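This report concerns only the one structure given below.
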Amino acid sequence: MVDSTPTTTTPNPPQTTITIPSSPSPVVVVDSKTPKCSITNSSFSFPRPAIRVTSEFDSDSLSFFNKVSCKVFDNLAKFKLSFSNSKNGEISDPQIGFVSKYLSLQYDVEEKNAFVKSNFNVGEKLSFRASQDVKAQQGEVAMVASLPDPSYKLELSSAVPSVGLPRATFRFPAGEVSLEEREEEAEELKKVLSVSGIVKGQFLNGICTAQYQDDDVNLRYSYKDEQVSFIPRISLPSNAVAFAFKRRFSPSDKLSYLYNFDSSEWSAVYKHTVGKDLKLKAGYDSAVRLGWASVWVGDEEGTAKTAPMKMKMQFMLQVPQDDIKSTALIFRVKKRWDI
C-alpha cells in the first residue's frame with residue numbers, strides 16, 4: 001500500500017545579508033530564525049570646529065593685530081587667541097581666552113596673569129556675578145535681584161577683599177541711584193556714605209538727563225527729529241557749557257558740529273554714505289588744529305563678518321594746520337577668514 005499523503009518539504013530558512021562598510025568583515029549573515037541581535041562597530045568622529053582668523057593692519061604703527069577663535073564642545077564655549085606682531089615679525093601682547101555662558105577666562109602670557117569672570121542665575125529673579133584679577137588679588141562679587149516688576153532691580157556689589165559696606169544700586173525705568181561707602185581725605189581718614197545717580201525724563205519733545213556724582217551735576221537735553229538734533233549740556237558747579245548740533249540733509253548726507261563755550265574749541269564732521277558699505281567723511285578739530293578726510297569700505301560700526309569679502313578698509317588723510325608738510329596718509333585693513 002502506497003501512502004498517498006503528500007510529502008511537505010521545508011525550505012531552507014531565508015538569510016539576510018547586511019553590509020557594514022566600516023567593519024573589517026564586510027558581510028555579516030544573520031539567521032532569521034535566531035534571536036535578532038545588534039552589532040555595533042563604528043568609530044566615533046567629532047566634527048572639526050570652525051576656525052575664524054581676523055587680521056588687522058595699521059599703517060601708523062606698522063603692526064598687525066591678529067585674532068584666532070573657534071567654538072568647542074558643540075558650540076558651548078569659545079577658545080580665543082590674540083597677539084600683535086610688528087613689521088620685523090616680533091610677537092607681542094599674546095592673550096589666551098576661554099569664554100562660555102557661565103565662565104570666561106583671559107590669560108596674559110607676558111604678564112603671567114589671569115582675569116576670571118563668572119555669572120549664574122538662581123531662579124528667574126536672582127543672579128550672581130564675580131570677577132577676579134589673579135595677580136593683583138582683587139575682584140568683585142555682586143548680586144542682582146529683580147522685584148515683582150522686572151523693570152525695578154536691586155544690586156549689591158562688594159570688592160574682594162572687602163574694604164567696607166557693599167555698594168547698593170537701585171534701578172528703575174527712569175534711571176538709577178547708588179549708595180556706597182567712601183573714604184574722605186581729611187586730618188584723619190574717615191568713611192562717609194556717597195550718593196550718585198542718573199535720572200532721565202521726557203521734556204519739551206526731548207529727553208532731559210541729570211547725572212550726579214562726586215558733588216558734580218551734569219545736565220543734558222537732547223532733541224531729535226528726522227532732520228535736526230540739538231544737544232546742549234551744562235556742568236555744575238564749573239558752569240562748563242557745550243552744545244552739539246546735527247543736521248541731516250538727505251538719507252546719505254549729515255553734518256555734525258560741537259562747540260565748547262569754556263574753551264572755545266569746536267569740531268565739525270561731514271558724512272556722506274554710498275549704500276551700506278561705503279562712507280566718506282571729512283572734518284576739522286580745533287583742539288588739535290587738524291583737518292582730515294577718510295574713506296570707509298565696509299560698515300564702519302559693524303564687523304568684518306558682514307563686510308564684502310569679509311574685509312574692512314579705512315583710508316585717512318590728516319593735514320595739520322600748523323605744518324601742512326607733515327600731511328600723512330594712514331590706512332587700516334581688517335580681514336577675516338573662516339576655516
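Report the GluC sites (Glu not before Pro) located in region 252-339 that are in a DSSP loop and have at most 11 other Cβ atoms inside 10 Å of their Cβ, or state none.
Numbers: sites: Glu265, Glu300, Glu301; in loops: Glu300, Glu301.
Sparse-neighbourhood loop GluC sites (Glu not before Pro): Glu301.
Taking amide hydrogens as modeled 1.01 Å from N in the peptide plane, which residues meet the under 5 Å criterion relative to Ser194, leaving out close sequence neighbours?
Sorted by chain and number, the residues that satisfy this are Glu180, Glu181, Arg182.
Return the Rg/Rh value of the chain, two decimal places, where both radii are evaluated on C-alpha atoms and Rh is the Kirkwood radius.
Here Rg/Rh amounts to 1.20.
DSSP loop chymotrypsin sites (Phe, Trp or Tyr not before Pro) in region 63-171 with at most 15 other Cβ atoms within 10 Å of their Cβ, which ones?
On the way: sites: Phe64, Phe65, Phe73, Phe79, Phe83, Phe98, Tyr102, Tyr107, Phe115, Phe120, Phe128, Tyr152, Phe170; in loops: Phe73, Tyr102, Tyr152.
The qualifying sites are Phe73, Tyr102, Tyr152.
Go through region 49-59 residue by residue and turn each phi into a ³J(HN,Hα) via Karplus (6.51, -1.76, 1.60, θ = phi - 60°); whole Hz please, and just put x for glycine and proline.
x, 6, 10, 10, 10, 10, 10, 10, 10, 10, 6
In whole Hz, with x marking every Gly and Pro, tabulate ³J(HN,Hα) for region 108-122 from phi via Karplus 6.51 cos²θ - 1.76 cosθ + 1.60, θ = phi - 60°.
Running phi through 6.51 cos²θ - 1.76 cosθ + 1.60 with θ = phi - 60° gives 9, 5, 5, 7, 6, 9, 10, 10, 10, 10, 8, 8, 7, 10, 10 Hz.
Using Cα pairs closer than 8 Å and at least 6 residues apart in sequence, work out the relative contact order for region 48-106, in percent. Kindly include the intermediate steps, with their values, before the conclusion.
Details: 112 pairs, mean separation 14.4, N = 59.
24 percent.
How long are the semi-axes of the equivalent ellipsoid of region 48-106, taking √(5λ) for every eigenvalue λ of the Cα gyration tensor, in whole Å from largest down?
26, 12, 8
If the reach is capped at under 17 angstrom between alpha carbons, list the lysines near Lys310, excluding any in the same chain fewer than eight residues apart.
The qualifying lysines are Lys67, Lys276, Lys279, Lys334, Lys335.
Which of the aspartates and glutamates could a cross-linker bridge to Lys71, judged by Cα under 15 Å and excluding same-chain residues fewer than eight apart?
In chain and number order, the partners are Asp338.
Probe 1.4 Å, all protein chains in place: accessible area of Ile198 in Å², nearest 10?
Spelled out: Ile198, probe radius 1.4 Å, area about 50 Å².
Using protein chains only and a probe of 1.4 angstrom, how many square angstrom of Cys208 are accessible, to the nearest 10?
Estimated to the nearest 10 Å², Cys208 gives 50 Å².
Can you sort Lys200, Lys325, Lys153 by 1.4 Å-probe accessible area, starting with the largest?
Values: Lys200 115, Lys325 195, Lys153 80 Å².
Ranking Lys200, Lys325, Lys153 by accessible area, largest first, yields Lys325, Lys200, Lys153.
Provide the solvent-accessible area of Trp296, counting protein heavy atoms only and rolling a 1.4 Å probe, rounded to the nearest 10 Å².
Accessible area of Trp296: about 40 Å².
Which lysines, if any, have their Cα less than 19 Å from the Cα of Lys125, not counting same-chain residues under 8 positions apart?
Within the straight-line limit of under 19 Å, Lys125 reaches these lysines: Lys101, Lys153.
Quick one: compute the contact order of the chain, relative version, from alpha carbon pairs under 8 angstrom and 6+ residues apart, as a percent. Mind showing how you got there, number by number?
On the way: 711 pairs, mean separation 27.6, N = 339.
Normalised by residue count, the contact order of the chain is 8 percent.
The values are calculated or read from the model by the stated rules, or taken from the named source; none is laboratory data. It should be emphasised that the depicted structure is a prediction, and the values quoted were computed from it without experimental measurement. So basically every Cβ, Gly included, is an ideal-geometry build from the backbone, and we count neighbours across all protein chains shown. Remember, those area values only see protein heavy atoms, side chains included, never the ligands or the DNA or RNA. Shrake-Rupley method; radii C 1.70, N 1.55, O 1.52, S 1.80 Å.
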